[in-house]
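What follows is a set of notes on a single structure, which appears directly below.
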Amino acid sequence: YAAVRIRSSPPIIPRRRDKNVYHVFFAFTAFKTNFQDIYPMREQRSYSIEAIVLKHSDLGEADRVVTLFTPYKGKIRALAKGIRRPISKKGGHMELLYHSQLQLATGRNLDIVTQAQEIDSFPHMRLGSELWHMTCGFYLAELVDRFLEEQTEHQDIYTLLLETLRALDQDAHDYQQR
């Protein structure tokens, strides 16, 4: 064995259950190999992403499952815990058709929303007595939800949806000014 040992230490004899540990030690000290090649780093547990909220459904007493449309991950579903509580800080940033910056933690089945910050809420579509612009926005969200599969990148469709929502908001603003 080529491992370095101190004179007073007992000889290094790998046991069957310690075999992998010994070889990792041996490869790291004797051959100066990169430890990350042997044990690659694990994936990140949380990530930040920009998203448009397409759909939501209630889960339990205070939680909500949201369907998000992102530019790089496509359509994903996430769990927003405690969002339906009156004191929730995330609640106002995760309504339908909101463009938000989210922090998501990787979960077993669904990712979990840990933080939310609204980028654009398209306020002119939501105000006023005329509901045509909001109806168009909901229809676009439903089309995207129904026709796109999950976990596939659609940057062009994301950009198109975002620009269309902005155009609807601007048109609603112009309509309210008349």
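The values are calculated or read from the model by the stated rules, or taken from the named source; none is laboratory data. Quantities reported herein were computed from a predicted structural model and do not represent experimental measurements. Don't worry about glycine lacking a Cβ; one is built from the backbone with ideal geometry, like all the others, and counts go over all protein chains shown. To get the accessible areas, we keep the full protein, side chains included, count just its heavy atoms, and leave off ligands, DNA and RNA. Shrake-Rupley method; radii C 1.70, N 1.55, O 1.52, S 1.80 Å.
Laid out as a table, the results:
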quantity	calculated
Cα-projected label distance for Y72 with Q103, points at 7 Å along beta-carbon direction, nm	1.7
With every protein chain in place, segment 84-167: carbon and sulfur % of accessible area (1.4 Å)	55
Amide hydrogen neighbours beyond the local backbone of H154, cut-off 5 Å, H modeled	G74
Solvent-accessible area of I87 with every protein chain in place, 1.4 Å probe, in Å² to the nearest 10	150
Efficiency of FRET between E163 and L59 - r from beta-carbon atoms, R0 45 angstrom, step 0.05	0.90
R85, R166, R146, R178, ranked by accessible area, largest first (probe 1.4 Å)	R178, R146, R85, R166
Amide proton proximity set for H56, modelled H, under 5 Å, gap of 5+	T67
Rounded to the nearest 20 debye, dipole of segment 62-178 from Cβ charges on Lys, Arg, Asp, Glu	680
Where segment 78-170 is the region considered: accessible area per residue in Å², 1.4 Å probe	61
Mean separation of Cα contacts under 8 Å (6+ apart) over length of segment 39-129, as relative contact order %	27
